[in-house]
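Engineer: Provided herewith is a single structure, encoded as structure tokens, for subsequent inquiry.
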Amino acid sequence: MEDLYSWASRHGVDRYFLHWRENRAKKHTAISSLIAERIISPKGLAWIAEGDTELVLWMMETINGHPSAENLIHDLVIRSDQVSVERDLRNLGVAFTGYEIGLPVERFLVDIMRRLVRDGTWGINEPGSRLWLIDGHLYLIWPAAGEEMAAIINQEKIPGLPRTPNSILDMLVDRKLANVREDRTDGNRYWVIAPMC
């Protein structure tokens, strides 16, 4: 109903993730003109038209997926889109090897943790806090912090993320977002801290 920037500003949103609908095929082309009008401002269209009014026509034909024979930009846009998707998939494949879900799990996990801090669920360096910054190291109180993360993942049904504190910790460690003790023969991975408040 409006451009993304205006919507995000109105709702106080400072980050977002895209999710593609399954079986969407070419359904988006039906509303492309409507969306384009909200994204490309009148000032932007005027600037494009200054170069050549045919550019505006070719752009709209390309957005709608019905290029005329004279359209010089349609093939360029299609090829650019293909190259961009190929690059993104290649980069995601390197970054998220072992998780065949195509989702940026690091971003989801970090975003969940930031939300817990922002909404006051996780305090820092206070009695009962989930986060303790001690001598330059940030400690998470576990498994309590993992249970709160799991609650959000389960409530929001976020695909591709673990749903238990232990599996969340495994993924945080695997993604180099957290460290655990590896020097214990008894298998206890946690550090014991006693912060002075």
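FYI, it's all coordinate maths here, none of it is from the lab. As the structure is a computational prediction, the values presented were derived from the model and not from experiment. Ideal geometry is used to build each Cβ from the backbone, glycine not excepted, and the neighbour counts take in all protein chains shown.
Engineer: Using the Kirkwood radius over Cα pairs, work out the Stokes-Einstein diffusion coefficient for the chain at 4 °C and 1.567 mPa s, in µm²/s as a whole number.
Structural biologist: 61
Engineer: Helix 105-118 versus the longest principal axis of the chain: what angle, 0 to 90°, nearest 10, using Cα atoms?
Structural biologist: 70
Engineer: Moving on. Which value at 222 nm does the chain reach when only helices count, each DSSP H run of 4 or more adding -39,500 (n - 2.57), with the total divided by all residues and rounded to the nearest 500 deg cm²/dmol? Display every interim value, and only then the final one.
Structural biologist: Numbers: 8 runs with 97 residues, N = 197.
Dividing the helical sum by the residues of the chain leaves -15500 deg cm²/dmol.
Engineer: To make sure I understand, if each residue's beta carbon is the centre and we count other beta carbons within 10 Å, what order do Ser68, Ser167 fall in, fewest to most?
Structural biologist: With the sparsest Cβ surroundings first, the list reads Ser68, Ser167.
Engineer: Can you work out the Karplus-derived ³J(HN,Hα) for every residue in the range 65-78? Use 6.51 cos²θ - 1.76 cosθ + 1.60 with θ = phi - 60°, whole Hz, and x for glycine or proline.
Structural biologist: x, 10, x, 7, 5, 7, 5, 8, 10, 4, 4, 5, 5, 4
Engineer: Which order results if Glu156, Glu148 are arranged by neighbouring Cβ count within 10 Å, fewest first?
Structural biologist: Arranged by neighbour count, lowest to highest, Glu156, Glu148 become Glu156, Glu148.
Engineer: Let me ask you something else. Test of understanding: ordering Ile158, Ile39 by Cβ neighbours within 10 Å, fewest first, what list do you get? Write out the running numbers ahead of the final one.
Structural biologist: Values: Ile158 18, Ile39 12.
Least to most surrounded, the residues fall as Ile39, Ile158.
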